[in-house]
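This report refers to the structure that appears directly beneath it.
The values are calculated or read from the model by the stated rules, or taken from the named source; none is laboratory data. In this text the structure is predicted, and so the values were computed from the model without any measurement. Virtual Cβ from ideal backbone geometry, glycine too; neighbours counted across all protein chains shown.
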Amino acid sequence: MPRNSFEKIEIVSVFPQAKQVEDLIIEQAEKLGYSEEDIFALRLSLEEALTNAIRHGNGQDPQKKVKIRYRAQPEEVEIYIADEGKGFDPSLVPDPTREDKLECPSGRGIMLMRAYMDLLEYNVRGNEVHLVKQRLS
Amino acid sequence: MSNLEISYSECQRNLVVKLAGAADMSQANLLRNQLETLVMGGKRNLILDLEDLEFICSLGLGAMIHLHTLCRKLGGNLGILNPQPQVRKVFKTTCLDQLFLIGNNQEELERKKQDRQGESL
């Protein structure tokens, strides 16, 4: 079956615009019949990736853009989210489930995406995340 | 998905805070700020009733951790009541089920609270 091309969206670094993108992708996954569990996983990972791009990547600077490419297909949803930040090394982020980190109020986004997605990877610079969610059943 | 709705009731010496909707990127600050004001005003024993909370992200978790720490610092505590399965799974995935007291009803929560107090003696 031929693959759809990616849809492209560019937003400024504010949460209401990020929510609109999130709702749009979720709506398409719902139309494709993804399960409630898959939809929750997608919503959670989109929240984390967009929050990271806006807060940490772009420093909530409304002049800076977040670029999203996504493709929602019957068998999987694939998303790229890029910010204008200098990037980071995800391997240096401490494990938030360590006992000494449990009371830290931040730092759980990457581990949540890793737990809920089938693929999570960053580009070399560390300013673009690639997410894939395969249909559960 | 609906915005976060917050409502309150008193039960014995606890303030029961019922959350409905989504504790997401756009609502986490509301949760943190509203409840922080109440804790600082003397309501240091909180029970968050999550029966109608459909969604939580790391910012929502961060708000709850902040409130937990604040309550403890002031000699109180924060308990979590009846989270939905998907929300409970987020607590488990992040190991926050080891930090928070989580119960299916207030009696279970009270029992766990007493157990934890006993452990720390």
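Okay, residues lined up against (1) within 11 Å of another protein chain (Cβ to nearest Cβ); (2) closer than 16 Å to B:Ala20 by Cα; (3) aliphatic (A, V, I, L, M):
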| residue | (1), (2), (3) |
| --- | --- |
| B:Asp52 | no, yes, no |
| B:Phe55 | yes, yes, no |
| B:Leu61 | yes, yes, yes |
| B:His66 | yes, no, no |
| B:Arg72 | yes, no, no |
| B:Asn77 | no, no, no |
* **Conditions (1) modelled with pLDDT of 95 or more; (2) closer than 17 Å to B:Asn82 by Cβ; (3) surrounded by fewer than 19 Cβ atoms within 10 Å (Cβ to Cβ); number of the one not met by B:Cys11** => (1)
* Name, by its number, the condition in (1) farther than 26 Å from B:Leu78 by Cβ; (2) within 11 Å of the chain's Cα centre (by Cα) that does not hold for A:Asp118. => (2)
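Determine whether the stretch A:3-12 contains at least one residue that is farther than 17 Å from A:Leu131 by Cβ and outside any strand (DSSP E or B). Before the answer, list the steps.
Filtering the stretch A:3-12 down to residues farther than 17 Å from A:Leu131 by Cβ leaves A:5, A:10, A:12.
Narrowing the set further to residues that are outside any strand (DSSP E or B) leaves A:5.
Checked the stretch A:3-12: at least one residue is farther than 17 Å from A:Leu131 by Cβ and outside any strand (DSSP E or B).
Can you go through A:Gln20, A:Gln28 and tell me which one is among the polar types (S, T, N, Q), free of Cβ contacts under 8 Å to residues at least 12 places away in the same chain, farther than 13 Å from A:Leu131 by Cα and part of a helix (DSSP H, G or I)?
It is A:Gln20.
Within the stretch B:88-104, count every residue that is more than 9 Å from chain A (Cβ to nearest Cβ) and either among the hydrophobic types (A, V, I, L, M, F, W, C) or under 21 Å from A:Gly107 (Cα atoms) (or both).
Residues that pass the stated criteria total 7.
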* Residue selected from the stretch B:37-66 under the condition surrounded by 15 or more Cβ atoms within 10 Å (Cβ to Cβ) and of a type in the set (Asp, Glu), by the criterion nearest to A:Asp23 (Cα to Cα) -> B:Glu54
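Consider B:Leu81 carefully, then state whether it is buried (at least 16 other Cβ atoms within 10 Å of the Cβ), in contact with a helix residue (DSSP H, G or I) (Cβ under 9 Å, 6 or more places away or on another chain) and either within 24 Å of A:Gln17 (Cβ to Cβ) or within 14 Å of chain A (Cβ to nearest Cβ) (or both). Give the derivation first.
Details: buried (at least 16 other Cβ atoms within 10 Å of the Cβ): yes; in contact with a helix residue (DSSP H, G or I) (Cβ under 9 Å, 6 or more places away or on another chain): yes; either within 24 Å of A:Gln17 (Cβ to Cβ) or within 14 Å of chain A (Cβ to nearest Cβ) (or both): no.
Criteria not met by B:Leu81.
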* Structure fact -> Taking first residues from the stretch A:106-117 that are facing chain B (nearest Cβ under 8 Å) and among the polar types (S, T, N, Q) and second residues anywhere that are surrounded by 20 or more Cβ atoms within 10 Å (Cβ to Cβ) and assigned to a loop (DSSP other than H, G, I, E, B), the pairs with Cβ under 9 Å that are 6 or more apart or on different chains are A:Ser106/A:Pro96
* Asked: Is one or more of the residues making up the stretch A:40-61 closer than 24 Å to B:Gly21 by Cβ, touching a residue at least 12 places away in the same chain (Cβ under 8 Å) and in contact with a Pro (Cβ under 8 Å, 6 or more places away or on another chain)?
  -> no
